[in-house]
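Bear in mind that the values in this text are calculations on the coordinates, not laboratory data. Just so you know, these numbers come straight off a predicted model, no measurement behind them. Because the Cβ atoms are built from the backbone with ideal geometry, glycine has one as well, and the counts that use them run over all protein chains shown.
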Amino acid sequence: MQTPLREIVAVQARTWSGIEQPNEAAGIMADALAATIAGFEALRGQLAFEDEPSSFEAALQETKEPQP
Amino acid sequence: MNAAAKSSLLHLSLTDAADALKDGSVTAVELTTVALEAFTRVDKAINSAIWLEGAAALEAAEALDKKRKSGAMLGPLHGLPLAHKDMYYKAGKLSTCGSAIRKDFRPGYTATVMERLEDAGSVTLGGLNMAEFAQNPTGHNQHYGHCRNPWHTDYCTGGSSSGSGAAVAARLVYGALGSDTGGSIRLPAAICGVTGIKATQTRVSRHGVMPLSFSADNVGPLTQTARDAARFLGVIAGHDPKDPTSSAEPVPDYEAALTGDIRGMRIGVPTNYFFDGIDPEVQAAFDAAVAVLEARGAVIVPVTIPHMDAVATYGGIVSRVEGGTIHAQWMRERPQDYAVHLSGRLYPSQGIPGTYYLEALARRGAILKAVAAAVFGVCDAFITPTLRMKVPTLLATDIDAGTPGAIETFQDVSINTRPINYLGLPSVSVPCGLDSNGLPIGFQIQGRPFAEARVLKIADAYQRDTDWHRRLPPNVS
C-alpha cells in the first residue's frame, strides 16, 4: 500500500525544516498534492536541458508589445 | 455642505475628483473629511480598514491645499484621499500585513510606491483590510475580522486585497493599492464591482512591499474606472533602483492611449481552460461584454492558449514554495498565530521537491514565448471571465469554520487568474454585470508583456458603452 502523502509531507517537513503539521486542514492540503504530482508526471520530458529561470525576464522582453 | 453633497463628492471618479481639485472647486481637506466621515458611517458593516490616521491625513491635506493655492501642484493625484492594503511600508507607520504576527510591525523604511503616490500629491488615510499575509483569494481574516462585500455583507469580497476592493466599491476612497500574486487585485475588483489592474511582472517596484512570492508578486491599483487605473498606474510604474527586479522599460502615457477607438483590434476569446465548468450567469455576462466590444469595432477571434496544463501546474506551486520558504521560521515557532486556512496552505509546501520548483521557474520563459507566439500571433489581447463562479458567501469558503467543501471552493476562486501571474502578462479586471444574487461579475483583459496601455484602452472603450463600473452597492448612498 502506498504511503499517504500527508505522512510523506510530515516526515519531510519535520526532517528538513522542523515544522509540524499544524491542523487537519494542512493534512487535507498535503493529500491534495497528489494532483500536483500528477500534473508534473504529465509534463515529464518537456524541460529542456538548457532551460533556466532567467529565461523568463528575457522572454518578457522578447515577446513585449512593439512600441508605436 | 449637506450629506448628499458630501456623498456625491465621493462618487466622483479619481480623475474627475483630481480635476475638481485642480480647478479649485473642492479642496483636499473637504475630500479627506468626507472620506473619513464615510469610513465612520459605512465601515462598521464592511470592515474595509484595519487602521486610519485621520488627524495626520487632514494635516497632509491642509498642506496640499496651501501648496495648490500657491500654484505648486505636486502631481496628478494632488489632494486625493487614498488608502492602501496594509502591507505597504511607510517608515514608522503600522503595517500589519493582515496578521497577528505583525500586529505591531512598524517598518524603518518606506515603499517606493508609497513615496511615488505621496510625491504625486495623494493623501494616505490608513491601512486597509487584507487576507493574512495576502494569502487567500476570498478576503477572510481571522485577526481583524472578515472584510465584507458592500453589495451584500454575507458574501466575500475576494482577496487578498479585500479592503481595497470593498473601500473603492463603497466609495470610501478614490483608489487603493492592492497586490496580485495569483489574482489578488483582479478578484476583489471583479467581486466588488470595480476596476483593477495587475501590470506586467517587473513593471512596478516591490521595494518596501510585504513579500509573498518573489517571482509572482505584483503591485497595482483598484479604482472605479479604467481611466482612474491608468492615471494611478502611471504614477507608480517604472524602474526603481531599490528594486533591481523592476523593469527599465519606459512608461508610456497610459491615459493618452484611452481614445475609445478599438476598431479593428483583434480580441481573442480562449477555446480552452478558462470556461470549463463556468456558471451560466457568468457566461451570459461575459458574452454580453464580448458583444459590446464587437459593437465598438473589435474583431473577436477564437484562440487556443497552448500549454495550459503546464501553466496551471507550474503556476500552482511557485508562489506556494516561495511563500512556504519565507514563512518557515514562523511556522516552526508560532504556527498557532496563523489562521487555519493559511498554516494549512503553507505547510504542504515543505513537501514539494526543490526540483519541481526549479522546473516550474526554468520552463516559465519558454512557455511564455510559446503562448505569446500562438496567442498574440492571432490577436492583440485576449479576454476571459475573472472568475468562473458566482461570488461565493463568506461561509461557503470558510476553511477555519470547517465548512464542507470550503477548501475546494476556495481554490476554485482563483482558477482563471493564477495562470496569468505565471505568464507575467498585464491583466485588468472590469465589471460586466450582476448575478442573480445581486453580486458583481467581472472579466479580465490580457495583453502582451508591457501592453498595459492596450488592455486599459480596451477596458476604457468597454466602459464608455456600459455603466457597470458606475453602479453603486445598494446601501451606498
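Taking the dipole about the Cα centre of chain B, with the C-beta of Lys and Arg at +1 and of Asp and Glu at -1, give me whichever of B:A312, B:A111, B:A56 is farthest to the positive side. So the residue we want is B:A111.
With neighbours defined as other Cβ atoms within 10 Å of a residue's Cβ, the residues B:F274, B:F214 order from fewest to most as B:F214, B:F274.
Ignoring lysines fewer than eight residues from B:K66 along the same chain, the ones with Cα atoms less than 20 angstrom from its Cα are B:K22. The Cα atoms of region B:323-477 give a gyration tensor whose axes a ≥ b ≥ c have a/c of 1.5 or more with a/b no greater than b/c, which makes the shape oblate. Between the listed residues B:H207, B:I407, B:T325, the Cα displaced farthest toward the positive end of the dipole of the protein assembly as shown, a dipole computed from Cβ unit charges relative to the Cα centre, is found at B:H207. If you take the square roots of the eigenvalues of the alpha-carbon gyration tensor of region B:1-106 and sort them as a ≥ b ≥ c, do you get rounded (a/c under 1.5), prolate (a/b over b/c) or oblate? Oblate, because a/c is 1.5 or more while a/b does not exceed b/c.
Note on B:A55/B:D16: beta-carbon distance plugged into 1/(1 + (r/R0)^6) with R0 of 22 Å gives a FRET efficiency of 0.20.
Would you mind working out the magnitude of the charge dipole of chain B relative to its Cα centre, with +1 at each Lys and Arg C-beta and -1 at each Asp and Glu C-beta, to the nearest 20 Debye?
480 debye
Rounded to the nearest 20 debye, the dipole size of region B:5-133 about its Cα centre is 180 debye, using +1 on the Cβ of Lys and Arg and -1 on the Cβ of Asp and Glu. Which residue, B:L368, B:I458, B:A170, has the largest displacement toward the positive end of the dipole of the protein assembly as shown when charges sit on each Cβ (Lys, Arg +1; Asp, Glu -1)? Most positive-ward Cα: B:A170. The magnitude of the dipole of the protein assembly as shown, with charges of +1 and -1 set on the Cβ of Lys/Arg and Asp/Glu and taken from the Cα centre, is near 660 debye. The distance separating the Cα centre of region B:86-154 from that of region B:460-477 comes to 26 Å. Here A:Q46 and B:I300 are evaluated by their C-beta separation; at R0 = 35 Å the FRET efficiency comes out at 0.65.
If you find the alpha carbon centre of region B:266-285 and of region B:381-398, how far apart are they in angstrom? When both Cα centres are located, 12 Å separates them.
A full extension of the chain between B:S25 and B:A256 corresponds to an added length of 80.7 nm, given 0.36 nm per residue minus the alpha carbon distance. Of the trypsin sites (Lys or Arg not before Pro) found in region B:236-292, the ones in coil according to DSSP and having at most 12 other Cβ atoms within 10 Å of their Cβ are B:R263.
Of all GluC sites (Glu not before Pro) in region A:18-62, which ones are in loop regions per DSSP and have a Cβ with at most 11 other Cβ atoms within 10 Å? Sparse-neighbourhood loop GluC sites (Glu not before Pro): A:E50. Taken as Cα centroids, region B:402-428 and chain A sit 16 Å apart, rounded to the nearest whole angstrom. Sort chain B into rounded, prolate or oblate with this rule: let a ≥ b ≥ c be the square roots of the eigenvalues of the Cα gyration tensor; rounded if a/c is under 1.5, and if a/c is not under 1.5, prolate when a/b is larger than b/c, oblate otherwise. The shape class here is rounded.
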